[in-house]
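K.L.:
Take a look at this one; I'll ask things after.
The values are calculated or read from the model by the stated rules, or taken from the named source; none is laboratory data. From a predicted model like this one, the values you see are computed outputs, not experimental measurements. Quick reminder, even Gly has a Cβ in these numbers, built from the backbone with ideal geometry, and neighbours come from all protein chains shown. Accessible surface is based on the protein model in full, side chains and every heavy atom, while ligands, DNA and RNA are left aside. Shrake-Rupley method; radii C 1.70, N 1.55, O 1.52, S 1.80 Å.
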Amino acid sequence: MKKNREINRFAKLWYAESSTYNFSVNISIGLVNAFMVKILGYGVLDLGYLIAIRIIAIALSQLPAIFLLAYKRNMRKQVWFICGAINRIGWALVPLALLLPRSQSLIYLAALSFTAQFAGGIGGVAAMDVIGSNIPSMEAPIYFSTMNKLSYASIALSQLTGILLFLYPINLTLKYLLLYILAFLTALISTMILFKIPDNRLEGANSTSLTLRPVETLISDPNLRKYLYIITLFNFAVNIPAPFWDYIVLNLAGGRDIIIPVKNMVNLLVKFFTVNWWQSLIHRKGLKRVLVEGMAFTSLVPLFYFEANSVFTVFFAEAFSGFIWAPVEIGTSIYSVYLPPEYIRPLYLTAVNFITNTVSAIAATVGTTISAATGNVYSALITSTALRAIIAGITYRVLPEVNGVQGSATKH
């Protein structure tokens, strides 16, 4: 009974922290590119420079994450708190660039982006390690589904807030400042909630001595290798058309940028209203089977965009995308946290994060190259569709089950 109360209290605080975090950072990060272009007057090359810095920062953060969280696991909650605070509060400080000369504002934004993402990369691993120990694996689909549902709602609310404020007839700079002030205040609230989250299972999270045993397990365990192989291939296939989604939408919408947050809301609301159905399906059919089916059906999303000829067909594509991505997001979260043995979870999470972020950057470059070679962005969509379908077939054959997770055994 006491254990159930501890789990429920942990889960409620986690839900509140995650919801406020997602609301804050989806305003802060979601607006930074537009803020740079419309308020600070920077161009495409400057945006590309900062996006590259953000990707590099996450990749570089994984090495210190290994040492902090594998060899000092007794500090994992403190690491989550400190790095999580830097990440969410840091991103809300973007408008301070207005106080600097133009020659220094880009340097400030580069340093801020790197610091916030570097801290976020470490904090994300610490968070998943704490959550994995404090949420029982048997009930993981229920808790992770609820967390995802609340996150979808909070992100949709952040999008709606931005839409309503940008429709209001006031000075554009003031609109951005008001949204960033809201993001900052929400980040402070989220940080205070994060401080209150307990680590009730700290005694079971022993620090690993400075040996190669975790690395040896990661390399020798066939299940860990198979999942890492699958998630790497899948991320590559998914991110080939990554640079072109908003480009296609803007072309179909006649340049009306307000359509982008609207289509994002369509995607999120469909996820919100279907996630409980997917969670029950996982319980009936098994986590592996539902995850594989979700991965296979995501191959239709690029095809829908290929056939899209109006804003309404884009909304349909986003609705389908939200529906089919919900089980993939639940499944990959559970696999990354509960597939590895507890003593190597931090190492495995950092390996997954590092490889998927690196591969995503490579895939976006490949997609751009394909588009340049063929003269249109739609060739990247077709390539992504084909690869997703092939990888889903491979996944069905080689993906292992996650022991101890409710619904992990495939049922027919």
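K.L.:
Given a 1.4 Å probe and the protein chains all in place, what does the accessible area of residue 347 round to, in Å² to the nearest 10?
P.N.:
It works out to around 20 Å².
K.L.:
Further question on the same structure: Past the 23 angstrom mark, what percentage of all C-alpha to C-alpha distances in the range 278-412 do you count?
P.N.:
Result for the distance tail: 44 percent.
K.L.:
Considering the dipole of the range 1-128 built from charges on the beta carbon (Lys and Arg +1, Asp and Glu -1) around the Cα centre, which of 51, 19, 39 is farthest to its positive end?
P.N.:
19
K.L.:
So what is the accessible area of the range 6-61 per residue, in Å², with the probe set to 1.4 Å?
P.N.:
With all protein chains present, the range 6-61 gives 42 Å² per residue.
K.L.:
Charges at C-beta only: +1 for Lys and Arg, -1 for Asp and Glu. How large is the resulting dipole of the chain about its Cα centre, in Debye rounded to 20?
P.N.:
The dipole of the chain has a size of about 760 debye.
K.L.:
Follow-up question, since we're still on this one. Order the following by accessible area, largest value first: 179, 185, 45. Probe radius 1.4 Å; ligands, DNA and RNA are ignored.
P.N.:
Sorted descending by solvent-accessible area, the residues read 45, 185, 179.
K.L.:
At 1.4 Å probe size, what's the solvent-accessible area of residue 234? Round to the nearest 10 Å².
P.N.:
10 Å²
K.L.:
What FRET efficiency would be calculated for the residue pair residue 273, residue 38, taking the C-beta separation as r and a Förster radius of 25 Å, to the nearest 0.05?
P.N.:
0.15
K.L.:
With all protein chains present, how much of the accessible area of the chain (probe radius 1.4 Å) comes from carbon and sulfur, to the nearest whole percent?
P.N.:
Result for the chain: 69 percent of the exposed heavy-atom area is carbon or sulfur.
K.L.:
Whole-Hz Karplus ³J(HN,Hα) for the range 227-235, in order, using 6.51 cos²θ - 1.76 cosθ + 1.60 and θ = phi - 60°, x for Gly and Pro?
P.N.:
5, 4, 5, 5, 5, 5, 4, 5, 4
K.L.:
Follow-up. Taking only protein heavy atoms and a 1.4 Å probe, what accessible area per residue, in Å², does the range 312-412 have with all protein chains in place?
P.N.:
Value returned for the range 312-412: 39 Å² of accessible area per residue.
K.L.:
Taking the Cα-to-Cβ direction at residue 362 and at residue 98 and moving 7 Å from each Cα, how far apart do the two end points lie in nm?
P.N.:
So the two model labels end up 4.2 nm from each other.
K.L.:
So, one more: Ranked from the most accessible area to the least, with a 1.4 Å probe and all protein chains present, what is the order of 229, 176, 108?
P.N.:
Largest to smallest exposure gives the sequence 229, 108, 176.
K.L.:
Provide the per residue accessible area, probe 1.4 Å, for the range 82-167, rounded to a whole number of square angstrom.
P.N.:
36 Å²
K.L.:
Now a separate question. If you count only protein heavy atoms and use a 1.4 Å probe, how large is the accessible surface of residue 284, to the nearest 10 Å²?
P.N.:
Rounded to the nearest 10, that gives 130 Å².
K.L.:
Put 12, 263 in order of accessible area, largest first, 1.4 Å probe: what do you get?
P.N.:
From most accessible down to least: 12, 263.
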